[in-house]
1. Say each of VAL130 and ARG52 gets a label point 7 Å from the Cα, pointing the same way as Cα to Cβ; how far apart are those two points in nm?
2. Quick one: which residues, 5 or more positions from ARG138 or on another chain, have an amide H under 5 Å from its amide H? H modelled 1.01 Å from N in the peptide plane, none for Pro or chain starts.
3. In nm, to one decimal, how far is the ASN156 label point from the ALA74 one, both placed 7 Å along Cα→Cβ?
4. If r is the Cβ-Cβ distance from ILE258 to ASP183 and R0 is 25 Å, what FRET efficiency results, to the nearest 0.05?
5. With only Lys, Arg, Asp and Glu charged, each at its Cβ (+1 for the first two, -1 for the last two), find how big the charge dipole of region 140-197 is about the Cα centre; round to the nearest 20 debye.
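Computed from the coordinates by the stated procedures, all read-outs in this text should not be read as laboratory data. Everything quoted here is computed from the prediction, not taken from an experiment. For neighbour counting, all protein chains shown are included, and Cβ atoms are generated from backbone atoms with ideal geometry for every residue, glycine included.
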Amino acid sequence: MSAVPHRRGWLKAAGASLAGLWLAACDRITTNPRGAAVLASAEGLTRRAQRRVTDRKALAREFPASEISSDFRANGSIDPAESAYRAHVAAGFADWRLVIDGLVERPLSLSLADLRAAPGRSQITRHDCVEGWSSIARWSGARLGPLLNQAGLRKNARYIVFHCADSLEQTADGSGRYYESIDLIDAYHPQTILAYAMNGQPLPVPHGAPVRLRVERQLGYKQAKYVMRLEAVEDFAHLGRGKGGFWEDRGYEWYAGI
Ligand SMILES: Nc1nc2c(c(=O)[nH]1)N[C@H]1C(S)=C(S)[C@@H](COP(=O)(O)O)O[C@H]1N2
Ligand SMILES: [Mo]
């Protein structure tokens, strides 16, 4: 509501300027009780929407190296049994490639060396699991935004889906495979990285080797490990059970902001 008195003060100062006619009409709306209510709620809506976008773009807190956890817990899948993944482990991920496809102009197939050479970022952040534990680590990886630009998102791309190597649940139809999705605000957030290192070492298998997502404004289950493929999509109704992620398909919120 504070915008209304402010607008009136500014109106008085403007006096009978060229814009006066329009402003007088505007003032009439604000002095008419119903008009004022409509205007105030419209402004409130815009401000709230604006605040939401600004909030979504804010950085997650970063910590000093002294706060890195000595015992960062590994959770969910910690040693995938799938044979394709075992082969990658045995080969030291030499033939592993990250595929970026779906609604892109130029599908990519990137090696670990390609990712290490891409624009990167290191950050010490806190991981919060819904189960009620937190741990702090330094994550280093390729920023997702520049990779998506390299692939060239098509206009109708709205989400990025992360397809993982592991199945948390053995199902006949493959719906037990871990996957996650984020929107483009999170995909282009400066702290959103495909992490290949944890605390200065190659990402260990329990934490998602060779590459995991770090999307720092959201809870633990969004931090997809064992990422094999990124798919740009317009919606995710056709994937899994349609809710945008393994845990979302089982009742968790799709947007898990912290
Ligand atoms: N592929 C895959 N990603 C996953 C999971 C999983 O089981 N499989 N578990 C999620 C959950 S619930 C959490 S808390 C974190 C755990 O990451 P950490 O093992 O590095 O602690 O990974 C998330 N990403
Ligand atoms: Mo979690």
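1. For VAL130 paired with ARG52, the spin-label model returns 2.0 nm.
2. Under 5 Å from the amide H of ARG138: ASN199.
3. 4.1 nm
4. Details: r = 16 Å, r/R0 = 0.64.
Efficiency, from the Cβ-Cβ distance: 0.95.
5. Values: 5 positive and 6 negative charges, 78 e Å.
With only Lys, Arg, Asp and Glu charged at Cβ, the dipole is about 380 debye.
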